[in-house]
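Here the structure is laid out as structure tokens; the discussion comes afterwards.
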Amino acid sequence: MSFSPVRNLVATVAEASPAQFDDWRKSWRATTEAGSAEPLLTFVARERGVAEDVFMQRLAAALGWPYLDLPKLTVENEVRNKLSTKIAFQYFVLPVDIKNGVLQIAVSDPFDAAMMSAIRFDAKMPVSFALSTRAEIEKALKKYYGVGAETLDEMGEGEPMELELAYDKEITEGDQEASVIKFVNQIIWEAFKDRATDIHFEPQEDELRIRNRIDGILHQIPLPPQLKRFQSAIISRIKVMSGMNISEKRLPQDGRINVRIKGEEIDIRVSTVPTVYGESVSLRLLTRGKIFLSLDKLGFSPLEEAAIREIIIKPHGIFLVTGPTGSGKSTSLYAFLSAINSVHKRIITVEEPVEYELKGINQIAVRPDIGLTFAMGLRHILRQDPNVVMVGEIRDQETADIAIRASLTGHLVFSTLHTNDAPSAFTRLTDMGIEPFLIASSVEAVQAQRLVRTICPHCKTEQTVDHDYLRRIGFPANEIETAKFWHGAGCEACRGQGYQGRKGIYELLIVTEALRPLIMNRAPATTIAMRAIENGMRTLRVDGWNKVKAGVTTIEEVLRVTQTEEHREALAGGDDRT
């Protein structure tokens, strides 16, 4: 088909003049030269202000072709195998069905003659064409062929398993590097695009499984079946990128990768451990620009935020943040430090690693391999005349002892502990060998926290919840009749999960004069918790209920991340504080 009929047809479908189409085409060429890979028809639909699927449906009707809603279709393996992976990904086309010996192919550009010729030659059977959007075809290709399938298709059985030592630190969507390098880059790119915090490469007996952790939940990504053959090359590539010894496969190793994605600095922490079927590799993605949130953005209630602001300006004492790995403790600490950062205060931190660089604050990265531990770093920074000290984590008695003595000698100390709730922090410090009277004298507050997934704003809908169920789970009885509940129905924006992003829920325990005797007398954490609740502490569960009532998250999310303790539920269940 010559250009003129194409122009006239597309212009007619877009309800525009051929001259207007020529202007769009010129603008599209300019964006293409600037690095955009957007298809022309997608560009025209956007310029016309029409949804791409609506525009493609009109075009399909004008051509007399069917329009396919790919998410509602299932492609059988037999059909998929009729077209090579290389052709499918090169032209973004998808074999959909075989009827009466004719292979139906979904395409997004019906005017690409080279694409049609390549399909007919590769399929070696009669073909017919249907239209769908480029975005839906891309999703379907990843679903049915697997992420990175086109790269593995380029790798023959005899391809050498050696990798180049040099690598491009700028990862882009269309990397055209060697196959293994390109595959690893694509996995990282897809994880970044999906807002993943972790990537896990897990060797199994018959496959290499790759899972991404998104909003705290693991999701297995679709992969081509032949991936297991390239397991060794892929893992070696990651080890080369992170500066590890690729010949050492018997011992665990740690490394780091620094890359740029869309101009954003990404720090990737890499860990390998030997397993029965090969080395398991975990990548933690730290986006430097996204870890920082100001104190007013963390999701505290007004009363808790006011209390925290009073604590963090004190001249001495310890403020502990507790919770499991990945609960946002570092984000909270950075927010506290940022709130009090000024030219009049000398703030020094010792972290592992330095996840976010704060201007005006002296940050030290722990280096255990050369003896620079938390305890050693803390001991030496106390000679640096600091006003405020932040220790990434209190792991042992030595670090705890130095931190407590620093607080008693006129320093404000921030740190983290791994405990399930705020009252358990005192028991944890006592178990480390710290005298209770030192703990009672130095600790000013303990904050426990978790991250709950927030309801997707694009598919948020109100839901009805059975009242008996609410009573069983301890929802405040006096609010069951009036409370409203929401959930995410699932949509394209949230990948059908109903959630998008995360928010913190908190339990702030302020050490008052009523609590100090209990701490000094080694009272159980449950006793301390009951007294703290009587004094106004809201538990994690109660703060979670408040965010449920506010439409931030769902009942299921709060139940998933909070523990159940009967004595605390009995005390906190009717709490309606804000």
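The values are calculated or read from the model by the stated rules, or taken from the named source; none is laboratory data. For clarity, every value in this text was computed on a predicted model and none was experimentally measured. So basically every Cβ, Gly included, is an ideal-geometry build from the backbone, and we count neighbours across all protein chains shown. Keep in mind that these areas ignore ligands, DNA and RNA; they rest on the heavy atoms of the full protein, side chains included. Shrake-Rupley method; radii C 1.70, N 1.55, O 1.52, S 1.80 Å.
The charge dipole of the chain, taken about its Cα centre with unit charges on the Cβ atoms of Lys, Arg (+1), Asp and Glu (-1) only, comes to about 500 debye.
Label separation (E38 vs R120): 3.2 nm, computed from points 7 Å beyond Cα along the C-beta direction. The mean sequence separation of alpha-carbon pairs under 8 Å and at least six residues apart, normalised by the residue count of the chain, gives a relative contact order of 8 percent.
Between E435 and A30, what's the calculated FRET efficiency when r is the beta-carbon distance and R0 is 56 Å? Round to 0.05. The partial results should precede the final answer.
On the way: r = 71 Å, r/R0 = 1.27.
Once the sixth-power term is evaluated, E becomes 0.20.
Sequence-distant contacts, meaning Cα pairs under 8 Å at least 6 residues apart, place the relative contact order of region 289-419 at 33 percent. Legend: translational diffusion of region 46-140 by Stokes-Einstein, Rh = Kirkwood radius over C-alpha pairs, 20 °C, 1.002 mPa s; D = 159 µm²/s. Taken per residue, the accessible surface of region 301-386 reaches 48 Å², heavy atoms only and a 1.4 Å probe. Compared with the dominant Cα axis of the chain, that is its longest principal axis, helix 3-13 is turned about 60°. Select from I455, A400, N535 the residue farthest towards the positive end of the dipole of region 398-553; place +1 on Cβ of Lys and Arg, -1 on Cβ of Asp and Glu, and compute about the Cα centre. Farthest along the dipole direction, towards plus: I455. On a per residue basis, region 1-137 carries 52 Å² of accessible surface, using protein heavy atoms and a 1.4 Å probe. With a Förster radius of 60 Å applied to the C-beta separation of N77 and K297, the computed FRET efficiency comes to 0.80. Annotation for region 351-427: trypsin sites (Lys or Arg not before Pro) lying in DSSP loop with at most 16 further Cβ atoms inside 10 Å of their Cβ are K359. What would the Debye equation give as log₁₀ I(q)/I(0) for the chain at q = 0.08, 0.10, 0.12 Å⁻¹, counting only Cα atoms as equal point scatterers? Log10 of I(q)/I(0), two decimals: -0.71, -1.01, -1.23.
Of the solvent-accessible surface of the chain, computed with a 1.4 Å probe over protein heavy atoms with every protein chain present, carbon and sulfur atoms account for 50 percent.
Normalised by the number of residues in region 34-101, the mean separation of alpha-carbon contacts (under 8 Å, six or more apart) gives a relative contact order of 20 percent. Comparing T133, L417, V270 along the charge dipole axis of the chain, the residue lying farthest to the positive side is L417, per the Cβ-charge model.
Selection among Q500, A307, V343 by position relative to the dipole of the chain gives V343 as farthest towards the positive end (Cβ unit charges, Cα centre). Secondary-structure-derived ellipticity at 222 nm for the chain, considering helices only, amounts to -10500 deg cm²/dmol, per-run term -39500 (n - 2.57) for DSSP H runs with n ≥ 4.
So if we plug the beta-carbon distance of A135 and M520 into 1/(1 + (r/R0)^6) with R0 = 51 Å, what FRET efficiency do we get, rounded to 0.05? Could the numbers behind the result be given before it?
Values: r = 63 Å, r/R0 = 1.23.
So the FRET efficiency works out to roughly 0.20.
Using the heavy atoms of the protein chains and a 1.4 angstrom probe, tell me the accessible area per residue for region 489-559 in square angstrom.
39 Å²
Each residue, L63 and A489, gets one label point 7 Å from its Cα in the Cβ direction; the gap between the two is 3.1 nm.
Could you give the dipole magnitude of region 345-462 about its Cα centre, charging the beta-carbon of Lys and Arg +1 and that of Asp and Glu -1, in debye to the nearest 20? Walk me through the numbers on the way to the answer.
Numbers: 12 positive and 15 negative charges, 69 e Å.
Charge dipole of region 345-462: 340 debye, to the nearest 20.
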